[in-house]
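Engineer: This is the structure I want to talk about, given as structure tokens.
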Amino acid sequence: VPPGMEGGPPANMPMAPPMNPDGTPIGSPPAVPGFPQPGGMPMMWMPQVPFGFPMMQVQGGKDGGDGDGGNPMMQRGNGMRTGVPAVSRDMPPRCSMHNSKPQPYTCLHCRNYRNASKAVEMTRLPAEVDVLEKRKEKQRVALELTNTGTFNFPPSFRDALLKCRFLKNDLSKKETVEEVVDEIYLHCDYVEPFVPSSASDPSNFFACLYRLFVLRCTEEELQILLDHPDSPFIRVAGFLYVRFGLDPDCFWDYLGRNILDETEFSPTLDRKKKYSISEFLERLLTRDKFYDIKLPPLPRYVRDKINVFLRDIESHRDRQKKNKKRMDKFRPGSDAWVLFGGAWKKCVIQKIDDDYNERILCDVKIDGKIEKSDIPLGFVNTEKVEPKSRSRSREGKEREKEREKEREKEREAELERRDAERARHRDRESREQDRGRDRERREERVKDKDRKEDRKEDRRDDRREDRRDDRKEDRKEDRKEDRKEDRREERKEERREKEDKEKDRKKKKSRRSESRSRPRKAKESRSRSKAKRSRSRSRVKKKKARSVSKDRKSRSRGRRAKSSLSRSASRPKKSKVRDSS
């Protein structure tokens, strides 16, 4: 009690007027944040929030936790996750084109959504931010791997995977397990480690499996892989993730529920040969190799634990088929017998999970104390089964060991027989592929021979055409030279004729003068001599013509040889190659 107030407030002390819920006096104008009101206390400053984004406060709920029960905006009933503020109707929607990778610097819708989300983040209180951070830390807890370096792959196979184009170009951009699962669904048709047509190129399936190891699956993500309903190849990826990466102690916890699954699929490209999930898991847990890839070795105690269930796997499969026909007896609350710890024990069925047609699981309670879930239907029997009493003598143990060895030999022989059939089929396919390659090579060789022959023919034709062209040009030049020689000879003949005419004219003059003085005999002798001269001239002309024709022929031959040599040296040869196509 303040001093002086023990007896109550003084009479002259003004009393506060009645107040509204918002802190303003009754009858006063609306309150303005941050300004004093008449007759009352100044209002507390509230953070300014953009229009359309509600304020959010963390209030203590009934559960005493982080306030989810007290604040209706933080509850799960309205379809929102706990700790996420309710979005107003005025908040811009997320960009439909860049939903996975927003681009706020180039897209207007992404920029508006980013600014709005920042405004919402500003309205969160520190306590709420701490809650959200804690929940984010609890969201993803990856499973521990036995080998984070090579993931138990052989070094040579891991090097080949790192060089795989599908892993480097496509899968390296996938940052979540869901995206890798989509790639398995779209691009994987078989589970072999290598491409069927090659012995060194890894398959797309193992590239996706390697990417899953890099991303490190959580418990929930691994369960999604093991129970995926869309494709058996996604489930096989989960089985191999467990077999290669996880601790052998937990193999049966993850794979035991699928050991009697009768879903069939084709592990290779041969769609005629199909195997069930049960047969695939049996081989995966009993063999040391997956095709040509060495599997991590199993410890002895783990192998013994698994052999308890795999010892009579065929009888368990037959029992599951019979139990499916009488499912009316498997109801919650009915008594049954279950295989537990290598012996049949009495139990009570609590739940039947038949979401998968080929896989039915049971939840049972053994002896009213131990609860077991996800037990395959083949390990449960409604009829009373008395546990077999085994003699503890040395002979009984030895007999049991011998039987176990025989069963192991039979199982190995059966698996070897299947492997031999698959190898034969693979060899047949490889032979067919080799024959096809040989046929293609032969066809290519024949085509190459035809192309070579065509090129030879083209070269021969080019040479013939070149020779024809050379001959034509030689003939043209010979004709030109002959014409020149003829013109020269004609000129010479003209000159000779002129000279002869001049001589004849002079002689005629002289003869006329002589004839006047000589007698008649002289005239006769002159006529005779004239005839002789004409004969001699004709002989001389014929000899000259013969010599001229011989000179022409010899000159033309020399010119032809010289011109052909000069043309072949100076002019490039033509090359015409026909298109073989």
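The values are calculated or read from the model by the stated rules, or taken from the named source; none is laboratory data. Predicted, not measured: the structure shown is a model, and the values here were computed from it. With ideal geometry, Cβ positions are generated from the backbone for all residues, glycine too; neighbour counts draw on all protein chains shown. All accessible areas refer to the heavy atoms of the entire protein, side chains included, with ligands and DNA or RNA removed. Shrake-Rupley method; radii C 1.70, N 1.55, O 1.52, S 1.80 Å.
Engineer: Has region 179-195 got any residue that is touching a Gly at 6+ places or on another chain (Cβ under 9 Å) and in contact (Cβ under 8 Å) with a residue 24 or more places away in the chain? Explain how you work it out, then say what you get.
Structural biologist: First pass over region 179-195, keeping only residues touching a Gly at 6+ places or on another chain (Cβ under 9 Å): none.
No: zero hits.
Engineer: Pairs, please: C-beta under 9 Å, at least 6 apart or cross-chain, first residue on the phi > 0 side of the Ramachandran plot and of a type in the set (A, V, I, L, M) and in region 309-321, second buried (at least 17 other Cβ atoms within 10 Å of the Cβ) and outside any helix (DSSP H, G or I)?
Structural biologist: Matching pairs, first to second residue: none at all.
Engineer: What pairs come out if I take residues in region 477-495 that are part of a helix (DSSP H, G or I) and pair them with residues that are open to solvent by 60 Å² or more (accessible area, probe 1.4 Å) whose C-beta lies under 6 Å away, six or more apart or interchain?
Structural biologist: What qualifies is 485/552.
Engineer: Can you name the number of the only condition in (1) surrounded by 11 or more Cβ atoms within 10 Å (Cβ to Cβ); (2) at pLDDT below 80; (3) more than 30 Å from residue 289 (Cβ to Cβ); (4) out of contact with any Lys or Arg (no Cβ under 9 Å at 6 or more places or on another chain) that residue 396 fails?
Structural biologist: Every listed condition holds for residue 396 apart from (4).
Engineer: Those residues that are more than 25 Å from residue 230 (Cα to Cα), part of a strand (DSSP E or B) and among the aromatic types (Phe, Trp, Tyr), I need them from region 325-377; list them, please.
Structural biologist: Passing the criteria: 337, 340, 344.
Engineer: Looking for whichever is at negative phi, open to solvent by 50 Å² or more (accessible area, probe 1.4 Å) and within 43 Å of the chain's Cα centre (by Cα) here; the options are 304, 374, 363, 335. Which one fits? First the steps, then the outcome.
Structural biologist: Values: 374 fails: at negative phi; 363 fails: open to solvent by 50 Å² or more (accessible area, probe 1.4 Å); 335 fails: within 43 Å of the chain's Cα centre (by Cα).
Selected residue: 304, the only one of 304, 374, 363, 335 that is at negative phi, open to solvent by 50 Å² or more (accessible area, probe 1.4 Å) and within 43 Å of the chain's Cα centre (by Cα).
Engineer: Can you tell me how many residues within region 273-294 are farther than 24 Å from residue 150 by Cβ and open to solvent by 40 Å² or more (accessible area, probe 1.4 Å)?
Structural biologist: 3
Engineer: Got at least one residue in region 229-240 being under 23 Å from residue 340 (Cβ atoms) and touching a Leu at 6+ places or on another chain (Cβ under 9 Å)? Walk me through how you get there before you give the answer.
Structural biologist: Quick first cut of region 229-240, residues under 23 Å from residue 340 (Cβ atoms) only: none.
Among the residues of region 229-240, not one is under 23 Å from residue 340 (Cβ atoms) and touching a Leu at 6+ places or on another chain (Cβ under 9 Å), which makes the answer no.
Engineer: Write out, first by first residue and then by second, each pair whose Cβ atoms fall under 6 Å of each other, whose residues are 6+ apart or on separate chains, and whose first residue, in region 281-293, is closer than 13 Å to residue 191 by Cα while the second is open to solvent by 10 Å² or more (accessible area, probe 1.4 Å) and not basic (Lys, Arg).
Structural biologist: Correct list of pairs: 291/192.
Engineer: Please count how many residues of region 86-120 are modelled with pLDDT under 75 and surrounded by 12 or more Cβ atoms within 10 Å (Cβ to Cβ).
Structural biologist: The qualifying residues number 5.
Engineer: Answer with yes or no whether residue 459 is touching a residue at least 60 places away in the same chain (Cβ under 8 Å) and either in contact with a Lys or Arg (Cβ under 9 Å, 6 or more places away or on another chain) or surrounded by fewer than 12 Cβ atoms within 10 Å (Cβ to Cβ) (or both).
Structural biologist: Numbers: touching a residue at least 60 places away in the same chain (Cβ under 8 Å): yes; either in contact with a Lys or Arg (Cβ under 9 Å, 6 or more places away or on another chain) or surrounded by fewer than 12 Cβ atoms within 10 Å (Cβ to Cβ) (or both): yes.
Against the criterion (touching a residue at least 60 places away in the same chain (Cβ under 8 Å) and either in contact with a Lys or Arg (Cβ under 9 Å, 6 or more places away or on another chain) or surrounded by fewer than 12 Cβ atoms within 10 Å (Cβ to Cβ) (or both)), residue 459 qualifies.
Engineer: Can you name every residue in region 236-262 that is open to solvent by 10 Å² or more (accessible area, probe 1.4 Å) and within 21 Å of residue 185 (Cα to Cα)?
Structural biologist: Across region 236-262, the qualifying residue is only 262.
Engineer: Taking region 462-476 on its own, how many of its residues are more than 30 Å from residue 549 (Cβ to Cβ), open to solvent by less than 80 Å² (accessible area, probe 1.4 Å) and without any contact (Cβ under 8 Å) to a residue 24 or more places away in the chain? Even if it seems obvious, please write down each step before you answer.
Structural biologist: Of region 462-476, the ones more than 30 Å from residue 549 (Cβ to Cβ) are 462-466.
Pick out the ones that are also open to solvent by less than 80 Å² (accessible area, probe 1.4 Å) and you get 462, 465-466.
Next cut, without any contact (Cβ under 8 Å) to a residue 24 or more places away in the chain only: none.
Of the residues in that region, 0 qualify.
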